[in-house]
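Engineer: Sharing a structure, written as structure tokens. Questions coming.
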Amino acid sequence: MTVAFNGFGQKAIPFLKALDFHQSREWFLENRDLFEGELRDPFGDLVETLSERFAAAGLGLRGDRKKSLFRINRDVRFAKDKRPYNRHLSAILSPDGTKMEQGVLFVYIGLERCFAAVAWWQPRPALLLAMRQAIVTRPGEFRALIKALKQNRLDLDPEGCLKRAPRGFEHVTEADLAAGIRHRHFVVRHAIDPAGIHSAALADELVDFTMRAKPLLDWGRAIEGKVSVN
């Protein structure tokens, strides 16, 4: 039975601050109980609470405390920055419950910011091409998507957009379509007030955000389905 999410511990962010200061395996092991009780275990509760709520709402996103959370440890094998620990903890809920799918909810609790995103992040080349082609060949659907997101107080995030049209799309002149095809990711974001992470209401906030982002999920899934078949 899933444990209900009751909020992150009051020491969740202070723990991240202290971990960032020490960046020491010895310190982390000494304070592992604090990490688990204030941050990791509540995050697992949040993921599983959201998974149940999303199933009831038919959103097609799920996860669990074992597969969905990213490690607090950094992969430093090829990094210049050799600090062993992240300044955040994050998790993904996806169509199959793994971290390998697209069209996901990503939740990030960190020192600099806390946020959630519904995202098609770095879609594989065939899917990205299909998304761009859909914008050009079915502009009405793309414009309806943008309109629906705006009505839901959301906009596509411009992070990572190309400065010029990708190859093969130089002929697109309509400003909104030209802007759409320059996206390398299709993402909407929601800022989380760090003061609000300690309340069970955070789960309601994230369900509301994901429902408002559903037009993006539906648009991407329709395109992905055609790519998968072909």
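Engineer: How do the pairs read when you match residues in region 76-100 that are more than 15 Å from R65 (Cβ to Cβ) and outside any loop (DSSP other than H, G, I, E, B) with residues anywhere that are open to solvent by 40 Å² or more (accessible area, probe 1.4 Å) and not basic (K, R), using Cβ under 6 Å and keeping only pairs 6 or more apart or on different chains?
Structural biologist: none
Engineer: Considering only region 57-110, state which residues are among the aliphatic types (A, V, I, L, M) and over 14 Å from A213 (Cβ atoms).
Structural biologist: L69, I72, V76, A79, L89, A91, I92, M100, I109
Engineer: Scan region 91-110 and give yes if some residue there is under 29 Å from R221 (Cα atoms), open to solvent by 60 Å² or more (accessible area, probe 1.4 Å), of a type outside the set (G, A, S) and under 12 Å from the mean Cα position of the chain (by Cα), otherwise no.
Structural biologist: Yes, region 91-110 has at least one match.
Engineer: Somewhere in region 127-148, is a residue touching a residue at least 24 places away in the same chain (Cβ under 8 Å) and assigned to a loop (DSSP other than H, G, I, E, B)?
Structural biologist: Looking through region 127-148, none of the residues is touching a residue at least 24 places away in the same chain (Cβ under 8 Å) and assigned to a loop (DSSP other than H, G, I, E, B).
Engineer: Which of (1) basic (K, R); (2) open to solvent by less than 50 Å² (accessible area, probe 1.4 Å); (3) within 20 Å of E205 (Cα to Cα) does R132 not meet, given it meets every other one?
Structural biologist: Failing condition for R132: (3).
Engineer: Quick check on my filter: what residues within region 64-75 are within 13 Å of F28 (Cβ to Cβ) and in a strand (DSSP E or B)?
Structural biologist: N73
Engineer: Keeping to region 8-18, report how many residues are touching a residue at least 60 places away in the same chain (Cβ under 8 Å) and open to solvent by 80 Å² or more (accessible area, probe 1.4 Å). Lay out the reasoning, then the answer.
Structural biologist: Here is the first cut: in region 8-18, the ones touching a residue at least 60 places away in the same chain (Cβ under 8 Å) are 8-10, 12-13, 16-17.
Then drop every residue that is not open to solvent by 80 Å² or more (accessible area, probe 1.4 Å), which leaves 10, 17.
Qualifying residue count, region 8-18: 2.
Engineer: Next up: With the checklist (1) of a type outside the set (D, E, K, R); (2) surrounded by fewer than 19 Cβ atoms within 10 Å (Cβ to Cβ); (3) within 21 Å of S94 (Cα to Cα) in hand, flag the one item H171 doesn't pass.
Structural biologist: Condition (3) is where H171 drops out.
Engineer: Does region 175-194 contain at least one residue that is aliphatic (A, V, I, L, M) and part of a loop (DSSP other than H, G, I, E, B)?
Structural biologist: Checking region 175-194: not a single residue is aliphatic (A, V, I, L, M) and part of a loop (DSSP other than H, G, I, E, B).
Engineer: Next question, about the same structure. Would you tally the residues in region 19-59 being open to solvent by 30 Å² or more (accessible area, probe 1.4 Å), more than 25 Å from V207 (Cα to Cα) and part of a helix (DSSP H, G or I)?
Structural biologist: 11
Residue-wise test of (1) farther than 14 Å from R87 by Cα; (2) not small (G, A, S).
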site	(1), (2)
G9	yes, no
Q23	no, yes
D33	yes, yes
E38	yes, yes
L59	yes, yes
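The values are calculated or read from the model by the stated rules, or taken from the named source; none is laboratory data. These figures come from a predicted structure and were not determined experimentally. Cβ atoms come from the backbone with ideal geometry, glycine included; neighbour counts cover every protein chain shown. Areas reflect the complete protein model, heavy atoms only, side chains present, ligands, DNA and RNA absent. Shrake-Rupley method; radii C 1.70, N 1.55, O 1.52, S 1.80 Å.
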